[in-house]
C-alpha cells in the first residue's frame with residue numbers, strides 16, 4: 001500500500017497548529033503556536049482575541065508544517081481539520097483555511113472531531129495499540145469515559161454533568177492565587193503539598209455510575225477558602241492544591257477501573273490536556289498494573305491541543321472513504337460520534 005500523507009489543521013481553542021502525518025502513526029512535523037502568554041493576562045481564553053491570533057498564525061504555521069516535513073501540497077493525500085467542538089470563531093479559522101486549500105488544490109477534505117483527535121493521539125507513540133479499548137478523555141472542556149469499539153466508532157460510557165476536570169482545575173487555581181493555566185500550575189505546587197491535608201468530596205452521580213460531576217468539588221474548595229477567610233485564618237496553598245487534585249484523580253481512576261472491570265477490557269488509554277497531569281498518570285499506571293491491564297498515554301506534547309492527533313484521526317477517516325464537502329462548517333457543540 002502506498003504511503004498516505006495527511007496535512008492536519010487544529011484551531012479549536014488557543015493553539016494554532018498544523019502537522020503532516022504519515023499513515024496515521026508517523027509524525028513528520030507538528031507545529032504549534034500557543035497563545036497562553038496572551039490569555040494569561042485575562043485569567044483565561046478570550047475567544048475574540050484567540051480568533052484574531054489564529055488568523056495571523058494559520059498560514060505561517062501550515063507553511064512551517066509542510067517545510068519541516070519536507071513535502072509540498074502535491075505530496076498530500078488529504079487535509080484533515082478540526083470542525084468541533086470548540087470556540088466557534090477559532091474553529092472557523094481552521095475550517096476556512098482547510099477548505100480554501102482543498103478548493104484550490106482539489107485535495108480531499110476531511111472534518112475531524114476534536115475529541116476523536118485526542119483519543120487518536122495514543123496511536124502515534126503506541127504503534128501496537130488497536131481498538132477495542134477503554135479511553136478516558138480529560139481536558140479543559142471535556143471529561144469522557146469512552147469505549148473505543150473501532151477506529152472512528154465510539155460508545156460513550158460516561159461524561160461530565162457540569163464542570164469538566166480541566167475547568168475545575170482552572171477555577172480552583174484562580175481561587176488559590178495560582179492563575180492561568182490552572183492544570184500545570186496545580187500539578188507543580190501539589191508536589192510540595194499534602195494530598196491528605198483536607199478531605200474534599202468525591203461526587204457520584206446516582207443514576208449513572210460512569211458520569212462525572214466536579215462542580216460540587218469546586219464549590220467545596222471555595223467554601224473551605226471562604227470559611228477560613230471569615231475566621232481570619234490562612235491556608236497552605238500547596239495543601240489545598242494537592243488535596244483538590246487527589247479528589248479529582250481518585251474519581252477519574254475509580255470510574256475508569258469500574259469501566260475496565262465491567263467491560264472485561266485489557267487495554268486502557270488516557271487522552272486530553274489533563275492526561276499530562278503527573279498525579280493522574282501515576283495513579284492510572286498503578287491501578288492498571290494492579291488490574292493486569294495494558295496502560296497507554298501520549299507524551300504531554302500530544303495531550304494538549306495539537307494537529308498531529310487530528311492527522312492520526314483523519315487518516316482512519318480517509319482509509320474508510322469518509323470525505324467532507326465544502327459546506328463543512330464549525331460545530332462548537334459537536335458530540336462524539338456525530339457527523
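Where a number appears in this text, it was derived from the coordinates with a stated rule and is not lab data. Since we're looking at a predicted model, the values are computed, not measured. Here the Cβ positions follow ideal geometry from the backbone for every residue, glycine too, while neighbour counts run over all protein chains shown.
Nearest 10 degrees is fine. How inclined is helix 88-105 to the longest principal axis of the chain, computing both from alpha carbons?
20
Considering just Cα atoms, how many Å³ per residue does the convex hull of segment 217-316 enclose?
That works out to 132 Å³ per residue.
Provide the gained length on full extension for the span residue 127 to residue 103, in nm with one decimal, where the gain is 0.36 nm per separating residue minus the Cα-Cα distance.
Result: 5.3 nm gained on full extension.
Sort 202-214, 240-252 for me by packing, meaning the mean count of neighbouring Cβ atoms within 10 Å per residue, highest on top.
240-252, 202-214
Compute the convex hull volume of the Cα atoms of the chain, divide it by the residue count, and report the result per residue in Å³ as a whole number. Spell out each step's value before the answer.
On the way: hull volume 43.7 nm³, N = 339.
Convex hull of Cα atoms, per residue: 129 Å³.
For the Cα atoms of the chain, what angle does the longest principal axis make with the long axis of helix 165-175, in degrees from 0 to 90, nearest 10?
Tilt of helix 165-175: around 50 degrees.
Taking the 0 to 90 degree range and rounding to the nearest ten, how far is the long axis of helix 278-291 tilted relative to the main principal axis of the chain, both from C-alpha atoms?
In the chain, helix 278-291 runs at an angle near 90 degrees to the longest axis.
Please order 235, 326 by the number of other Cβ within 10 Å, starting at the fewest.
If I rank by nearby Cβ atoms, fewest first, I get 326, 235.
Viscosity 1.002 mPa s, temperature 20 °C: give me the Stokes-Einstein translational D for segment 119-199 in µm²/s, with Rh taken as the Kirkwood radius over C-alpha pairs.
On the way: Rh = 14.7 Å.
Value of D from the Cα-based Kirkwood radius: 145 µm²/s.
Which whole-number percentage describes the relative contact order of the chain, with Cα contacts under 8 Å and a sequence gap of 6 or more?
25
Kindly provide the pair-distance distribution of segment 1-116 built from C-alpha pairs, with 5 Å bins from 0 and whole-percent values in order of increasing distance.
Percent of pairs per bin, in order: 2, 13, 23, 25, 19, 10, 5, 2, 1, 0.
Quick one: grab Rg to one decimal and Dmax as a whole number for segment 49-174, Cα atoms only, in Å.
Answer for segment 49-174, Rg first and Dmax second: 16.9, 48 Å.
Using only alpha carbon pairs under 8 Å that are at least six residues apart, calculate the relative contact order of segment 132-299 and give it in whole percent.
27
Rg and Dmax of segment 132-299, using alpha carbons, in Å: what are they?
For segment 132-299, the Cα radius of gyration and maximum Cα-Cα distance read 16.0, 56 Å.
Rank 51, 263, 29 by mean-square fluctuation in a GNM of the chain with C-alpha springs under 10 angstrom and give only the top-ranked residue.
Among 51, 263, 29, the largest mean-square fluctuation in the Gaussian network model of the chain belongs to 263.
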